[in-house]
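These notes are about the structure you will find just below.
The values are calculated or read from the model by the stated rules, or taken from the named source; none is laboratory data. Bear in mind the structure is a predicted one, so any value in this text is a computation, not a measurement. As a convention, Cβ positions derive from the backbone with ideal geometry for all residues, glycine included, and neighbour counts pool all protein chains shown. Note: areas computed on protein heavy atoms with side chains; ligands, DNA, RNA excluded. Shrake-Rupley method; radii C 1.70, N 1.55, O 1.52, S 1.80 Å.
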Amino acid sequence: MIELRTPAEIEEMRPAGRFVASVLEATSAAAAVGVNLLELDALAHEMIRAAGAESCYIDYHPSFGASPFGKVICTSVNDAVLHGLPHDYRLRDGDLLSLDFAASVNGWVADSAISIVVGTPSDEDRRLIDTSRRALDAGIAAARTGNRIGDISRAIADVAKAEGYSINTDFGGHGVGRTMHGDPHIPNNGRPGRGLPLKAGLVVAIEPWFLETTDRIFTDPDGWTLRSADGSRGAHSEHTIAITDGDPIVLTRRS
C-alpha cells in the first residue's frame, strides 16, 4: 500500500534523515587503508545505541536473504555492489567501497548510500561513482508532482547510458516510512510518462547503482552480498526524499 505523508509527518522524518546522513559521514570518513569492515559496522552500531535509534538491518530477513542480516550497515567492496555483509576484511589502497545504511528514529525510517574509494582512486572508479551520483541527482530532479515513476527511472537511465553503463532493474528505489521497504518500486530504467503519478507526500528512496561492464549479478556464498557476474566494480548512491508541491526535500542530505 502506498501512503502519502502529511507535511507534519515529513517534518517528523527529518531526524531519521539527519541521523542516517551522520552515520554515513562518520563511516566513510573512518574508511581507510587497514580498517576492517567489522570496525565500520561497530562504529555504526555504537552511533545507533548513542542516538537511541533502531537498526533496520540487524533482524532483516527478506525472501532473498539467506538468514537475518545480523549487522547494521552494508559494506560492499569492489565487485560487490549491494547488500554487502560486513566481514573480516581490511580495506586496501584503491578499494571501491559502497556503504548503505538505514535506521529508524522515533518510528520513522530513512535510507541512504554512498560510494567512495579508499586511498588512491582510478579514473574509471571516479567516473563510475560520479555517474551514480549524477544519476541520483537527475532522479531527484524528476521527483515532482505531475511526473510519474517512469520519469524518475528514465532520468536515472539517461545518465547511465550516456556513460555507456548497462542497467540492472532487479533492485532499485522504494517507498520509505514506518518501515524500510515499501511501495512503490522505482527501477533504475523505465519509460517516461508511465507508472504511478507522483503526489505531494510520497516519501521514497531513490538509488541508482551501476556496474562497470555488466548488468548481471549473483549472490555471494554469504547469502547476502550481490556481486557483478564478471568481476567488474560497482557504485551505489541513494537518498531518501519527500515529494512536495514544490522542490523535493532530500531528507538524508549530507553536509
Fill in the blank from the handout: Restricting attention to region 64-106, the residues that are polar (S, T, N, Q) and without any contact (Cβ under 8 Å) to a residue 60 or more places away in the chain number exactly 1
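Which residues, counting only those in region 231-252, are assigned to a loop (DSSP other than H, G, I, E, B), of a type in the set (Val, Ile, Thr) and closer than 28 Å to Glu124 by Cα?
Thr252
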Handout entry: Residue satisfying all of: in region 44-54; surrounded by fewer than 19 Cβ atoms within 10 Å (Cβ to Cβ) and outside any helix (DSSP H, G or I); nearest to the chain's Cα centre (by Cα) among these
Key = Glu54
Practice task
Working carefully through the options Asp88, Asp79, Asp41, find the one that is closer than 22 Å to Arg126 by Cα, open to solvent by 10 Å² or more (accessible area, probe 1.4 Å), at pLDDT 95 or above and not polar (S, T, N, Q).
Solution key: Asp79
Problem - Residue in region 171-179 that is free of Cβ contacts under 8 Å to residues at least 40 places away in the same chain, in a loop (DSSP other than H, G, I, E, B), small (Gly, Ala, Ser) and touching a strand residue (DSSP E or B) at 6+ places or on another chain (Cβ under 6 Å) present - result: yes
Exercise for the section: Name the single residue, out of those in region 149-165 being outside any helix (DSSP H, G or I) and either at pLDDT below 95 or open to solvent by 20 Å² or more (accessible area, probe 1.4 Å) (or both), that is farthest from Gly201 (Cα to Cα). Expected result: Gly164
Practice task
Determine, yes or no, whether His181 is under 30 Å from Ala50 (Cβ atoms) and open to solvent by 40 Å² or more (accessible area, probe 1.4 Å).
Solution key: yes
Practice task
Scan region 188-219 residue by residue and report those that are over 20 Å from the mean Cα position of the chain (by Cα) and not in a loop (DSSP other than H, G, I, E, B).
Solution key: Pro197
Exercise for the section: Identify, from the list Phe69, Phe19, the residue that is part of a loop (DSSP other than H, G, I, E, B), under 27 Å from Val203 (Cβ atoms) and open to solvent by less than 30 Å² (accessible area, probe 1.4 Å). Expected result: Phe69
Fill in the blank from the handout: If we ask which residues in region 107-148 are open to solvent by less than 60 Å² (accessible area, probe 1.4 Å), part of a helix (DSSP H, G or I), within 28 Å of Pro15 (Cα to Cα) and touching a residue at least 40 places away in the same chain (Cβ under 8 Å), their number turns out to be 6
Exercise for the section: Considering every residue within region 221-230, establish whether at least one is without any contact (Cβ under 8 Å) to a residue 12 or more places away in the chain, open to solvent by 10 Å² or more (accessible area, probe 1.4 Å) and assigned to a loop (DSSP other than H, G, I, E, B). Expected result: yes
